[in-house]
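Input: a single structure, listed below in structure tokens.
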Amino acid sequence: MTIIGSNRFGLSEAESSANFEVFLPEFDGDQILDQDEEWCEVLVDGQRTRIRFHDYHRIYDIPGMYERLFYEMLECVSPRTVCDLLATALAEHAMKAEDLRVLDVGAGNGMVGEEIRTLGVDTVHGVDILEEAAAATRRDRPDVYDDYLVADLTDLTLEQRDVLVRAKFNTMTTVAALGFGDIPPEAFVGAFNLIETPGLLAFTIKDDFLRDDDPSGFSLLIRRMFAEKTIVAQAEKHYRHRLSVHGKPLEYIAFVVRKTGDVPTAWIR
Ligand SMILES: C[S@@+](CC[C@H](N)C(=O)[O-])C[C@H]1O[C@@H](n2cnc3c(N)ncnc32)[C@H](O)[C@@H]1O
């Protein structure tokens, strides 16, 4: 499959007409890749190479590839969906977007931050484990975040933690970043506990991660957070996050919840 460039995602003309093509694999028979095994091929400067979707650093390094692959070819709608839900929750609970101080966790190349800005939020910071994500944001969306920290949320240094605490965030967003070897439950909780109480959390998660038999740890954790009322539901939506490489829908749930307390670290041991 070949799709030509467009300028739909705030990239400059030069970036959006970048000289690359993305090809999705075609499979014989009933071979099905799990979501964390998906891959594509990219043709750059006459060189065709295979890239696993979860090798985000390689995708961010090619200007426009993340947008082309996930948003155009695979029709990802997660940033828009979670920000629409956040806007609905703000309106229903008489909260003002300009009062939010947002930490966007697993910020990637800034597509969620860009959506959050459209709500009228003044303060948005990003955090991501990859230097390539920060570099892509500087390259493609330099004005989206007030600050962007490159850090592993499972292993913050004292200095990094101090930077995040001093920012006094009252809202956390995390979109398409939980599970699958990305952000594990302990990093999710670590970031959540950096948010002030009362606060807001807007996040998306694959529906499988909330099932009884989920091995990721998210199902137990999120159920307990609801049961013990450290979070209280404000808005929720089941939706199609994107298509798989096989053209099948990948179902996610978006939540906006009110934070009413920290999560004890014992809950994730
Ligand atoms: C699928 S991308 C989503 C990016 C963005 N939220 C979006 O919706 O376009 C997941 C992001 O989570 C980041 N990530 C994975 N593990 C992380 C960790 N332990 N700490 C911080 N970021 C992490 C990855 O580097 C990647 O940029």
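Laboratory data are not the source of any read-out in this text; all were calculated from the coordinates shown. Keep in mind it's a predicted model, so treat the numbers as computed, not measured. As a convention, Cβ positions derive from the backbone with ideal geometry for all residues, glycine included, and neighbour counts pool all protein chains shown.
Miscellaneous remarks
- Between amide H atoms placed 1.01 Å from N, distances below 5 Å from Glu38 occur with Phe53, all of them 5 or more places distant or on a separate chain.
- Each of Met225, Met111 was scored by other Cβ atoms within 10 Å of its Cβ. Listed from fewest to most, they are Met225, Met111.
- Averaging Cα coordinates gives a centre for the stretch 41-91 and one for the stretch 136-210; these two points are 18 Å apart.
- Taking a ≥ b ≥ c as the square roots of the Cα gyration tensor eigenvalues, the stretch 139-237 comes out prolate, since a/c reaches at least 1.5 and a/b is larger than b/c.
- Where the alpha-carbon atoms of the stretch 52-200 are placed on the principal axes, they occupy 40, 35, 27 Å, in descending order.
- Global form of the stretch 13-73, assessed from the alpha-carbon gyration tensor, a/c cut-off 1.5: prolate
- Ranking of His238, His54 by count of other Cβ atoms within 10 Å, fewest first: His238, His54
- Contact order, relative form, for the chain: 17 percent (alpha carbon pairs under 8 Å, 6 or more residues apart, mean separation divided by residue count).
- Each residue of the stretch 243-251 was assigned a 3J(HN,Hα) from its phi angle through the Karplus curve 6.51 cos²θ - 1.76 cosθ + 1.60 (θ = phi - 60°); the sequence is 8, 7, 4, 8, x, 8, x, 9, 8 Hz, with glycine and proline shown as x.
- Taking other C-beta atoms within 10 angstrom as a stand-in for reagent exposure, Ile32, Ile205 fall in the order Ile32, Ile205, fewest first.
- Electrostatic dipole magnitude of the chain [Cβ: Lys, Arg +1; Asp, Glu -1; Cα centre; debye, to 20]: 760 debye
- Compactness of the chain, expressed as Rg and Dmax over alpha-carbon positions, Å: 18.3, 56
- Translational D in µm²/s for the stretch 59-134 (Stokes-Einstein at 20 °C, 1.002 mPa s, Kirkwood Rh from C-alpha pairs): 160 µm²/s
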